[in-house]
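No value in this document is a laboratory result; all are computed from the given coordinates. Here the structure is a predicted model, which means the values were calculated and not measured. Ideal geometry is used to build each Cβ from the backbone, glycine not excepted, and the neighbour counts take in all protein chains shown.
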Amino acid sequence: MTDLVVIGAGPAGLSCAIEAQKAGLRTLVLEKGSVVDAIRRFPTNLVWFSTPELLEIGDVPFVVSTVRPTRMDTINYYQKVARSFRLDIRYHDPVVGLGRDGESFLLTTGHDAIYRARFVVVATGYFDHPHRLGVPGEEQAHVSHYFREPFEFFERDVVVVGGRNSAVEAALDLFRHGANVTLVHRGMKLSEGVKYWILPDIENRIKAGEIHALFGSTVQEIGDESVRVHTPVGVTDVRGQHVFVLVGFLPDTQQLLSFGITLDPVTLAPVINPGTFETNVPGVFVAGSVVAGRNTNKIFVENGRLHGAAIVRCLRDRIPRIS
């Protein structure tokens, strides 16, 4: 019997585990990949919008030599934190089932392991479930919903779909490493949330004709080497030997529903007590970006890392033996 099982070893899950361990709870973390696995799969050259102190957990200082940490800085930091607290994390073993057995929960993993816990925190994020356009051709091999690095696409025709940070940064990175880039965005201008230091860069590249941009436009079909786009002036075919669909992410609604968690029909956010993050299933909590459902611009690492403290305060009231 474990007091608490945390599903997910991202920043929010690690923070929950640390707070629980400090409170004296026997705590186990189950992770389908590696520590902060989503951050590991971010673009190679990513630089955070936030400064390092906003990413800290467990009162462990995040010290870097620059104003904003890189992806590599961040992975190294969270690995150091996990090791520092000697967290019990079972890696590369996804949770595939959650059920109640009397007063406790039984969690089943992909490796056929079974764990029993008094309480459960679901901190699975959303990075495994990119939002899809739902158009013909989207499942082809040259279409990707993630961007890592640009070098493979030198002197190739690349279409980037989206108008927020992921799409803008990918378009700039591809352009600077020799790709011929077309940016397709359904809005009439780029998102207001684009990082302020890259917004002038992308706007100047578009103005100079170095990156071709189609605003107010939507993809209708993806072919072998072209993309059919509906624009304000009609339908046009854009050359695209590679296509990056970078339009955001959605929570794993199937898993949440299988756990018995009720979701808001519009936002797909779990229905919770906002003060404790407890779901409609007594004893099951959520933490991190999964709390926001499809509104992925509401909860980030910066505020999701704070959920653990609120959850553990609630658990302390439930378990009197913890001083």
- Whole-Hz ³J(HN,Hα) from phi, Karplus 6.51 cos²θ - 1.76 cosθ + 1.60, for region 52-58, glycine and proline x: x, 5, 7, 10, 6, 9, x
- Query: Using only helices, what value at 222 nm comes out for the chain when you add -39,500 (n - 2.57) per DSSP H run of length 4 or more and divide by the total residues, to the nearest 500 deg cm²/dmol?
  - Reply: -6500 deg cm²/dmol
- Query: Normalised by the residues of region 143-245, what does the relative contact order come to in percent, with Cα pairs under 8 Å and at least six apart?
  - Reply: 33 percent
- Task: Hand me the trypsin sites (Lys or Arg not before Pro) from region 70-100 located in a DSSP loop with no more than 14 other Cβ atoms within 10 Å, in residue order please.
- Result: ARG86
- Item | Ranked packing of 175-187, 55-67, most packed first, by mean Cβ within 10 Å | 175-187, 55-67
- Task: Would you pull out the residues with amide H under 5 Å of PHE285's amide H, same chain only if 5 or more places away, H placed 1.01 Å from N?
- Result: VAL120, VAL121, VAL122, THR279
- Item | region 273-280 - phi-based ³J(HN,Hα) in whole Hz, Karplus 6.51/-1.76/1.60, Gly and Pro as x | 7, x, x, 10, 6, 7, 7, 5
- Query: Which percent, nearest 5, of DSSP beta bridges in the chain are antiparallel?
  - Reply: 45 percent
- Query: Can you list the residues, at least 5 places off or on another chain, whose amide H is less than 5 Å from the amide H of ASP88, using H built in the peptide plane?
  - Reply: VAL29
- Using θ = phi - 60° and the Karplus form 6.51 cos²θ - 1.76 cosθ + 1.60, what ³J(HN,Hα) does each residue of region 12-25 get, whole Hz, x for Gly and Pro? 5, x, 4, 4, 4, 5, 5, 4, 5, 5, 4, 7, x, 7
- Item | Rounded FRET efficiency, nearest 0.05, which uses the C-beta distance separating VAL96 from SER191 and R0 of 35 Å | 0.50
- Give me the angle, in degrees from 0 to 90, between the Cα long axis of helix 165-176 and the longest principal axis of the Cα atoms of the chain, rounded to the nearest 10. 50 degrees
- Item | Filtered chymotrypsin sites (Phe, Trp or Tyr not before Pro), region 193-300: DSSP coil and at most 12 other beta carbons within 10 Å | TYR196, TRP197
